[in-house]
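The values are calculated or read from the model by the stated rules, or taken from the named source; none is laboratory data. The shown structure was predicted, so the numbers you read here are calculated from the model rather than taken from an experiment. Cβ sites come from the backbone with ideal geometry, for glycine too, and all protein chains shown count toward neighbours. Just the protein is used for accessible areas: all its heavy atoms, side chains included, with ligands, DNA and RNA removed. Shrake-Rupley method; radii C 1.70, N 1.55, O 1.52, S 1.80 Å.
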Number of protein chains: 2
Amino acid sequence: MGITKSEIFTPQQNRLASLAKVLGHPARIAILEQLFKIKTCVCGDLVEEIGLAQPTISQHLKELKNIGLIKGEITGTRVCYCIDVENWEEMKNTLSSFFDLSLPENHCC
Amino acid sequence: MGITKSEIFTPQQNRLASLAKVLGHPARIAILEQLFKIKTCVCGDLVEEIGLAQPTISQHLKELKNIGLIKGEITGTRVCYCIDVENWEEMKNTLSSFFDLSLPENHCC
DNA sequence: ATTATTAATCGTAATATTGCAATATATAAA
DNA sequence: TTTATATATTGCAATATTACGATTAATAAT
């Protein structure tokens, strides 16, 4: 059906999955890495840098913005995108907590 | 087109995205949490626990296994699944490294 | 041998995602 | 005002994902 049965999971599970899902595309990883690399905001340039069509990049940026990982500010005809530092830290913690769940001790395999 | 242009990204970017993608479904998050919770292997029971049909759970388990987050061992008619501790740690580090990229200092927004 | 149990696979329907051309929008420059 | 520039939105085609009923495979129990 292609539809996720979100209603049978906890808000935490759904939130974590949503966050991971947004990170689940190499173009979005590349965009985020570029934002880190240039140490400031991206005002365009991502299209040439990444090599996907402008509408495609725009769409990926939208998803990153929706989940709160980046934010954009319009300056003239350009839009400057940068990491949303506060949310970034929060999501880092969300993922860390999950991965820090204490590992099982009694293996049967 | 529904097809990701993996070839224009680095292996690292694709690897990270693949890992995140697998975590991008609440059922798979729930399965992993359950594996942690019971502190041992899951031999069935996931179907009742999670509330999706048996083929659906089986499919999710397959994806978790493919990426290496869990491993399974056949014992009789049952299959015991548990966290693949070694890979788990590796993936934790992969994600941590990404999130620990030093945050940009010069904000323009 | 037959039956029960458990999990994987197949087939299929519904929905989501990816990517881009075409277009729209909105500001800057001339 | 007209034109150029940058980004968003729309519409669509191709592919992927999710979910599950039906079936299969493989062992256990009777």
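In the Gaussian network model of chain A, springs joining C-alpha atoms below 10 Å, which of A:GLN34, A:GLN54, A:GLN12 carries the largest mean-square fluctuation?
A:GLN12
Using a 1.4 angstrom probe, figure out how much accessible area the protein assembly as shown has per residue, in square angstrom, rounded to the nearest whole.
Ligands and nucleic acids excluded, the figure is 53 Å² per residue.
Give the total of Lys-Lys pairs in chain A with Cα-Cα distances below 21 Å; include a pair only if its members are 8 or more places apart or on different chains.
17
If you take the alpha carbon radius of gyration of the range A:12-98 and divide it by 2.2 N^0.38 Å, what ratio comes out, to two decimals?
1.08
Each label point is 7 Å from the Cα along the Cα-to-Cβ direction; what then is the distance between the points at B:ASN87 and B:ILE74, in nm?
So the two model labels end up 1.8 nm from each other.
Around B:GLN59, under 13 Å between beta carbons, what's the net of Lys plus Arg minus Asp minus Glu among the other residues?
Within the 13 Å Cβ shell, the charges total +2.
Please report, for B:LEU101, the nm distances (one decimal) from its label point, 7 Å out from Cα along the beta-carbon direction, to the equivalent points in the remaining copies, shortest first.
2.7
Can you list the distances in nanometres, one decimal and ascending, from the A:THR56 label point to the identical position in each other copy, with the point 7 Å along Cα to Cβ?
Here A:THR56 shows inter-copy label distances of 3.2 nm.
So for the range A:12-98, taking the charge dipole from beta-carbon charges (+1 Lys/Arg, -1 Asp/Glu), which of A:LEU16, A:VAL85, A:ALA27 sits furthest toward the positive end?
A:LEU16
For the range A:1-56, what are Rg and Dmax over the alpha carbons, in angstrom?
For the range A:1-56, the Cα-based Rg and Dmax read 15.3, 42 Å.
For chain B, what does the relative contact order come out to in percent, with C-alpha contacts under 8 Å and a separation of six or more?
So the answer I get is 24 percent.
If you fit an axis through the alpha-carbon atoms of helix A:85-99 and take the longest principal axis of the Cα set of chain A, what angle between them do you get, 0 to 90°, nearest 10?
Once rounded, one gets 30 degrees.
Roughly what % of Cα-Cα distances in the protein assembly as shown sit above 28 Å, to the whole percent?
Percent of Cα pairs beyond 28 Å in the protein assembly as shown: 34.
Summarise the accessible area of chain B (1.4 Å probe, protein heavy atoms) by the percent that is carbon and sulfur.
Carbon plus sulfur share of accessible area: 51 percent.
Relative to the longest principal axis of the C-alpha atoms of chain A, give the angle of the C-alpha long axis of helix A:26-37, reported between 0 and 90° and rounded to the nearest 10°.
Rounded to the nearest ten degrees, it is 70.
May I ask for the accessible area buried between chains B and A, both sides summed, probe 1.4 Å, to the nearest 100 Å²?
Summing both sides, the interface buries roughly 4800 Å².
Report the full-extension gain for the segment B:GLU48 to B:SER18: residue separation times 0.36 nm, less the Cα-Cα distance, to one decimal in nm.
My answer for the length gained is 8.0 nm.
With a 10 Å cut-off between alpha carbons and a GNM built on chain A, which of A:ALA30, A:ALA20, A:ALA53 moves the most?
A:ALA53
Round to the nearest 10 and give me the degree value, 0 to 90, for the angle of helix B:54-67's Cα axis relative to the longest principal axis of chain B.
50
Say a label goes 7 Å from Cα toward Cβ at B:SER18 in every copy; what distances in nm does this one have to the rest, shortest first?
Nearest first, the other copies' label points are 2.8 nm away.
Counting other Cβ atoms within 10 Å, which trypsin sites (Lys or Arg not before Pro) in the range B:1-89 have at most 14 and lie in a DSSP loop?
B:LYS5, B:LYS39
Mean-square fluctuation check for chain A, GNM, Cα pairs under 10 Å: which of A:THR94, A:THR75, A:THR56 is largest?
For chain A, modelled as a Gaussian network with Cα springs under 10 Å, the answer is A:THR75.
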